[in-house]
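Read through the structure below, which is laid out as structure tokens, and then see the notes.
The values are calculated or read from the model by the stated rules, or taken from the named source; none is laboratory data. These figures come from a predicted structure and were not determined experimentally. Because the Cβ atoms are built from the backbone with ideal geometry, glycine has one as well, and the counts that use them run over all protein chains shown.
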Amino acid sequence: MNTPLPPDEFSPAVLEQLRRLQQKYAADGQDLAGYLEGLYYADYVNYWDYIELDTLLSLQRPLTKIPDERIFIIYHQITELYFKLCLCEYEQIGDLLEPTLQELVLRVGRINRYFENLINSFEVMVDGMEKAQFLKFRMTLMPASGFQSAQYRMIELASTSLYNLADREKRRLLGEAAAHDDLMGCIYWKAGATIEETGAKALTLIQFEEKYTETLHEHARRFQNRNLWSVVQRLPEEDRQHPRLLRQLRQLDVNVNVNWPLMHYKSAVRYLERDPTALAATGGTNWKKYLPPKFQKRIFYPQVWSEQELEEWGKAWVESVLGEGK
């Protein structure tokens, strides 16, 4: 039976924690008593304040009174939060000087789960809004577009060599030893927000570049030797070829470069395609050429795919989801 301590006595466990705190704050020349006094006056933490719930729920500001616009905003905000979760994993992967197979499989698996949650939830966008409502409020959004998600571009830059993100024909001409700035200058997405008839930059792309060019250049430089593929190369040869790792890398390639854009394509077909003509996207993106993975053929890890798989990249997925080629 434990004998209760007198009210002015501390248990050994509490004393040990106080000693540890004393050591922690002594290293900074700080007074532990001051910190403890601050703790005494501090309020208890509650759920709603900790996650800034009131602020979070106030961040939906529709431009119209059409009810389903709120769904559109919330879903895109959720998407950006998932992207931020992915980038947290990429940062930790990039910091691995001596990575292990187990840790890479774990962290790439987390990124895959985040993307799979997004892909599976995209039905909220495809089936969760009334088409008539969407077609009413969509024109108030111009020239905003999901194309302008800088976090998605950061995910791409943290996933693979910059060479794999450059326009295919231009990178062939530049060669694998191309300079960083040359590759950024022909990054694939520059062709995604162009006016189809003239090839000129759409306002969507102009605004995006004005806001994020410097940020993305810096991000690309930071991940030049910290991107996921570079970190994989630090593993022993037998671990680099381990089936569990290859499975996660292949799945990530498919999730980011096939399934995710394909969901956007499916949504665009649902809401923008109608006979006899098709509506333009709000950002002026040439979405029929930009979104289908079989046209873009963005591939993070060509080394883990067969020649036939590379040749038929995205074709089967597009045909199975949209019935193309039937």
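Evaluating Thr64 against the criteria (1) surrounded by fewer than 10 Cβ atoms within 10 Å (Cβ to Cβ); (2) farther than 30 Å from Ala158 by Cα; (3) at pLDDT 90 or above leaves one unmet condition, (1).
Only one entry of Leu85, Leu81, Leu118 meets the criterion of being of a type in the set (A, V, I, L, M), closer than 24 Å to Val269 by Cβ and under 17 Å from the mean Cα position of the chain (by Cα), and that entry is Leu118. Exactly one residue among Thr285, Thr277 is modelled with pLDDT under 75 and over 20 Å from Met125 (Cβ atoms), and that residue is Thr277. Those helices (runs of 4 or more DSSP H) of the stretch 125-182 in which 2 or more residues are closer than 30 Å to Arg226 by Cβ occupy 150-159, 168-174. Within the stretch 147-180, if we keep just the residues that are hydrophobic (A, V, I, L, M, F, W, C) and touching a Cys at 6+ places or on another chain (Cβ under 8 Å), the residue that is nearest to Leu87 (Cα to Cα) turns out to be Ile155. Regarding the stretch 95-116, can at least one residue be identified that is without any contact (Cβ under 8 Å) to a residue 12 or more places away in the chain, under 22 Å from Phe300 (Cβ atoms) and of a type in the set (Lys, Arg)? Yes: the stretch 95-116 contains one or more residues that are without any contact (Cβ under 8 Å) to a residue 12 or more places away in the chain, under 22 Å from Phe300 (Cβ atoms) and of a type in the set (Lys, Arg). In the condition set (1) within 19 Å of Leu235 (Cα to Cα); (2) surrounded by fewer than 18 Cβ atoms within 10 Å (Cβ to Cβ), Ile93 is compliant with all but (2). Examine the stretch 165-183 for a residue that is surrounded by 15 or more Cβ atoms within 10 Å (Cβ to Cβ), touching a Ser or Thr at 6+ places or on another chain (Cβ under 6 Å) and not polar (S, T, N, Q), and state whether such a residue exists. No, that holds for no residue. Given (1) crowded, with 16+ Cβ neighbours inside 10 Å; (2) outside any loop (DSSP other than H, G, I, E, B); (3) without any contact (Cβ under 8 Å) to a residue 60 or more places away in the chain; (4) over 19 Å from the mean Cα position of the chain (by Cα), identify the lone condition not met by Gln207. Every condition holds for Gln207 apart from (3). What is the number of the single condition among (1) of a type in the set (Ser, Thr, Tyr); (2) under 30 Å from Ile73 (Cβ atoms); (3) surrounded by 15 or more Cβ atoms within 10 Å (Cβ to Cβ) that Thr160 does not meet? All conditions pass for Thr160, except number (2). Looking at the stretch 223-238, is at least one residue closer than 22 Å to Trp313 by Cβ, of a type in the set (Val, Ile, Thr) and within 23 Å of the chain's Cα centre (by Cα)? Looking through the stretch 223-238, at least one residue is closer than 22 Å to Trp313 by Cβ, of a type in the set (Val, Ile, Thr) and within 23 Å of the chain's Cα centre (by Cα). Among the residues of the stretch 91-115, the one identified as under 14 Å from the mean Cα position of the chain (by Cα) and more than 18 Å from Arg247 (Cα to Cα) is Glu91. Evaluation of Asn120 against the conditions (1) under 21 Å from Leu262 (Cβ atoms); (2) in contact (Cβ under 8 Å) with a residue 40 or more places away in the chain shows that the sole unmet condition is (2).
Considered as a group, the residues in the stretch 183-193 that are at pLDDT below 90, of a type in the set (A, V, I, L, M, F, W, C) and part of a helix (DSSP H, G or I) include one that is nearest to the chain's Cα centre (by Cα), and that residue is Trp189.
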